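To start, the structure under review is shown below, and the notes come after it.
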Amino acid sequence: MQSSRALLLPGLALVIVACSGESPTRPETLLSVTASAPQLEIAAAVQGRRSRGFEDEILRMEAQVAGLGGVWVDEAGTPVVYLKDLSRRSEAMQALRLFASSLPVGASFRSKLGAEGSTAVLQGQFGFSELVAWSRSIAASLRAPGFLSIDADEAQNRVHITTTKGAPREPFLRGIGALGIPESAIVFSESVPFVSATSLQDRYRPTGGGQQIVTGTILCSLAFNVDVQFYAEEGFLTASHCSGSFSGSTGASVYQNNVGIGNLIGTTSLNPAWDRTDSDCRGASLCTDADAMYVHSSDSTSPNWSKRIYSTSTWGSSNNPGSLTISAYWPGIWVFPYSPWVGMTAYKVGRTTGVTSGTVAATCENPMLDSLTVPKVVLCADRATGASWGPGDSGGPVFYPAAQTDPPYAIGIFFGGKGSAFNGSNQCTSGCEILFSEWSSVQWHLSRYFSP
Amino acid sequence: MTMSQLKLDAIGVRVLLMTCACTLTASCAADDTAPTADFEVVTTVSPSVANIGERIAVTVTATNISTQSQTILTNDCLTAFAVLDSAATHVGPSAEQFCAASGKMVTILPGAQYAVTQEWTGDAMRLSPNSQPRMVEPGSYTVSGNLRLGANIRIVAATVRLIP
C-alpha cells in the first residue's frame, strides 16, 4: 500500500500542475459556479424533477416567489420561510398560499403555509436555488480530508458542511473561495465517525458502495452511487450480469438488501446488450466492453442515498476475507486519474468478503467467464491476485482508500474471479484472483460521465 | 450408490476442507456430539476408476435434512468439489475457470435436493499462480463435495482411482 501510494502522489501532482499551469494545489483546478446554475436548478425542478425530494418543491416555490431561501417546519409545527426581500412579504405569502394546496405534505402543513399568523417569515440572505447550486458545485469539486456530507440547508438558509471532528477548515475555505461562493453562505458542523454493528448484508440507509443488492434471485453488491453528468440524474453503478439479462433489457427492480416493498432502491436504466463481435470475443455469443450497468435511483434524497463507499472493521489481504461489519465510510470520492498499472494495490468491497485487497497482475485482458456453463467475455478487464472474493461480491466497487490528505479513488467495478479453495461462507481462501472493469471502460460502455 | 464412498463426520470434513490437515481414518465414522446437520452433501463419481485425463463426472447433491426451508447462495460456475490425496491434502481440481461473481439464492424445502454435476480430468492445483498446469499422480483420491453451505453439514465423499 505504501509503495503504491508513493507512486500515486507524484503522478497526481503532475496532473494538477498540467491542469493549472502553476502551483500544484487542488483548489486552483476548481471551476467557479456559473451565474446561471441557480436558474438551472429552478428550471429542472419546474420541469418535474423529484430526485431532491422536498428540496425540489422549495425550488418550484422559488420559481413563484423570487428570493425564497427555504421552507421548513419548526418544533412547534409552524411553517417557517426565508425571504431575501421582506418588503415583498405579502406577495410571497399569497403565492405560497396558492402553492400550498398542491404540496405533497401533511394537511396541517398545507393549511398553515402562507397563512398570516400561521407562517413565520425570516430574513434570508440567499435564494434556495443558490444554496442547491453551490452545494452541488462544492460536492463535485472540493476534496478535503474529513469531508463527511453537504446539504443545502433550508432551515439555516446556508450550505451546511459536516466534517469529522478536528478536520482543518482551510482546505474547505480555499476551495469555496475558488468557486466564487461567499464564505458567509457556509456553515460547518462536526460529527463523530460512523460506527455501527450493521453488516454489508443488512438493510441500511443511506445506500453506499459495497452493500448487498438483489435483483430477482441474483445477489450482488452496489458499486458507486453516482450523478449522471449533464442528465441531472442520480443512481448507482453495479455489474451488468447482476440484472440476469444480457440482452440490453432495462426496467428491472433492484433492492437493498432483500426483495421487499420498502427495500426498492432503483430500476435498471442503462444496461447495453452483450453483443460485441470483436475477434477478442473468441466466438463467445455474450461479449461486452464492460460488465457494468447504471441503475436509476428511486430515491436519491440524502437520508437514503449517499456518494460513499462503506468500510468494514477489518480488511483482508493475501487471500483472506475481511469483516462484513460496517465500521466507517469514505465520502468525497474522486475518479482515479490514471489507468491501473501492474503492481499497484487495488481494493474492493462486497457483501460476501468485505474489504479485501490484491495486487494488479494484468491490465486489459479479455477474460472468459463461466466457460463451462454459459461462456461470456468481458473485454479489456484488469486482474488482481491475492484478493479474496465470493459469489455476491459482483458489482462491488474497486477503489483505493483515502489516506492522509488523499481522497478515496474510484477505480472500477468488480465482476468476476477465480480461486482454488472456498470456505463454507462462500469466501475464496486460496489462489484468489479478481477481475474488474476500469472506470473509463464503464463510462465508455454506458455512454455517460458519472460522478461518484 | 454405485461407487465406493467414505462417510465422514461433520467436524472431520470441516477440518479436511478448511485446512486439509486431517488424516482420513475409520475413527472419523461416528460422532454422537455433532450438531444436527442442515444438509447432507453426497458426492458420486462416474467412472470410479479412470485414466488420467479421462473425464470423470462428479455429482454433488445437497439434501435439506433439517425441518426448515434453507436458502443457500449458489454459483454453478465455482468448483463444487475438492480432491484430496491419501494424506488428505487438497490437490485438485485446478479451478482455472473465471466465474461471474454474482450469487443465486435458492430455497430448498425440507427433504428437497440441490445438485450440481461437473467434470474432473485429474488436473491438479497449481503450485503457485505462475506455475505450469499439471495433473495429479496415479492413485486413489477422495472427492468431497463443497457447495459452501456452511459448517452445519454432513458429508458423504466418494473415492476415485486414477490409473496412468
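Apart from one condition, B:D85 fits all of (1) modelled with pLDDT of 95 or more; (2) touching a Pro at 6+ places or on another chain (Cβ under 7 Å); (3) more than 22 Å from B:D38 (Cβ to Cβ); the exception is (2). Please find, within segment B:35-58, the residue that is surrounded by the most Cβ atoms within 10 Å (Cβ to Cβ) out of those that are in contact with an Asp or Glu (Cβ under 7 Å, 6 or more places away or on another chain) and within 13 Å of B:D123 (Cα to Cα). Once the filter is applied, the top-ranked residue is B:I56. All of (1) within 9 Å of another protein chain (Cβ to nearest Cβ); (2) crowded, with 22+ Cβ neighbours inside 10 Å; (3) outside any strand (DSSP E or B) hold for A:I434 with one exception: (3).
Starting from residues that are assigned to a loop (DSSP other than H, G, I, E, B) and crowded, with 20+ Cβ neighbours inside 10 Å, keep the ones in segment A:290-305 and report whichever is nearest to the chain's Cα centre (by Cα).
Narrowing segment A:290-305 to residues assigned to a loop (DSSP other than H, G, I, E, B): A:290-292, A:298-304.
Then keep just the ones that are crowded, with 20+ Cβ neighbours inside 10 Å; that gives A:290-292, A:300.
Numbers: A:A290: 19, A:D291: 19, A:A292: 15, A:S300: 10 Å.
If we take residues in segment A:290-305 being assigned to a loop (DSSP other than H, G, I, E, B) and crowded, with 20+ Cβ neighbours inside 10 Å, then A:S300 is nearest to the chain's Cα centre (by Cα).
Evaluating B:I153 against the criteria (1) facing chain A (nearest Cβ under 10 Å); (2) surrounded by 23 or more Cβ atoms within 10 Å (Cβ to Cβ); (3) in contact with a Phe, Trp or Tyr (Cβ under 6 Å, 6 or more places away or on another chain) leaves one unmet condition, (2).
Each residue in segment A:437-452 was checked for being out of contact with any Asp or Glu (no Cβ under 7 Å at 6 or more places or on another chain), farther than 30 Å from A:T164 by Cβ and either in a strand (DSSP E or B) or β-branched (V, I, T) (or both), and 0 of them qualify. Restricting the search to strands (runs of 3 or more DSSP E) fully inside segment A:306-406 and requiring at least 2 residues that are over 23 Å from the mean Cα position of the chain (by Cα) and buried (at least 18 other Cβ atoms within 10 Å of the Cβ) gives A:354-365, A:376-378, A:381-385.
Look at segment A:384-397: where a residue is within 7 Å of another protein chain (Cβ to nearest Cβ) and a partner is part of a loop (DSSP other than H, G, I, E, B) and basic (K, R), sitting 6+ places away or on another chain with Cβ atoms under 9 Å, you get A:P391/B:R148; A:G392/A:R351; A:D393/A:R351. Can we say A:S440 is within 8 Å of chain B (Cβ to nearest Cβ) and at negative phi? Considered against the rule, which asks whether it is within 8 Å of chain B (Cβ to nearest Cβ) and at negative phi, A:S440 comes out as no.
Of all residues in segment A:231-250, those satisfying the criterion of being outside any loop (DSSP other than H, G, I, E, B) and farther than 16 Å from B:A101 by Cα are A:E233, A:E234, A:G235, A:F236.
Rundown of residues vs (1) within 24 Å of B:L73 (Cα to Cα); (2) within 13 Å of chain B (Cβ to nearest Cβ); (3) among the charged types (D, E, K, R), yes/no style:
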residue	(1), (2), (3)
A:S298	no, no, no
A:S311	yes, no, no
A:L324	yes, no, no
A:A328	no, no, no
A:S339	no, no, no
A:M344	no, no, no
A:V355	yes, no, no
A:L372	yes, yes, no
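Selection of strands (runs of 3 or more DSSP E) fully inside segment A:67-177 by the criterion of at least 1 residues being hydroxyl-bearing (S, T, Y) and within 30 Å of A:A328 (Cα to Cα) returns A:147-153, A:158-164. Of everything in segment B:80-115 that is in a loop (DSSP other than H, G, I, E, B) and within 8 Å of another protein chain (Cβ to nearest Cβ), the residue that is surrounded by the fewest Cβ atoms within 10 Å (Cβ to Cβ) is B:E96.
Do the conditions hold for A:E183, that is, is it farther than 30 Å from A:W315 by Cα, free of Cβ contacts under 8 Å to residues at least 40 places away in the same chain and surrounded by fewer than 17 Cβ atoms within 10 Å (Cβ to Cβ)? Criteria met by A:E183.
Being touching an Asp or Glu at 6+ places or on another chain (Cβ under 6 Å) and buried (at least 22 other Cβ atoms within 10 Å of the Cβ) is the filter here; which residues of segment A:128-162 pass it? Spell out the reasoning first.
Quick first cut of segment A:128-162, residues touching an Asp or Glu at 6+ places or on another chain (Cβ under 6 Å) only: A:128-129, A:132-133, A:160.
Within segment A:128-162, A:F128, A:S129, A:V132, A:A133 qualify.
The set of residues in segment B:59-72 that are crowded, with 21+ Cβ neighbours inside 10 Å and either at the interface with chain A (Cβ under 10 Å from one of its Cβ atoms) or over 25 Å from B:G139 (Cα atoms) (or both) comprises B:A62, B:N64. Scanning segment B:116-143 for residues that are surrounded by fewer than 19 Cβ atoms within 10 Å (Cβ to Cβ), assigned to a loop (DSSP other than H, G, I, E, B) and not aliphatic (A, V, I, L, M) yields B:T121, B:R126, B:S128, B:P129, B:N130, B:S131, B:Q132, B:P133, B:E137, B:P138. Residues in segment A:382-429 that are under 13 Å from A:G209 (Cα atoms) and of a type in the set (A, V, I, L, M): A:V398, A:A410, A:I411, A:I413.
The values are calculated or read from the model by the stated rules, or taken from the named source; none is laboratory data. For clarity, every value in this text was computed on a predicted model and none was experimentally measured. Ideal geometry is used to build each Cβ from the backbone, glycine not excepted, and the neighbour counts take in all protein chains shown.
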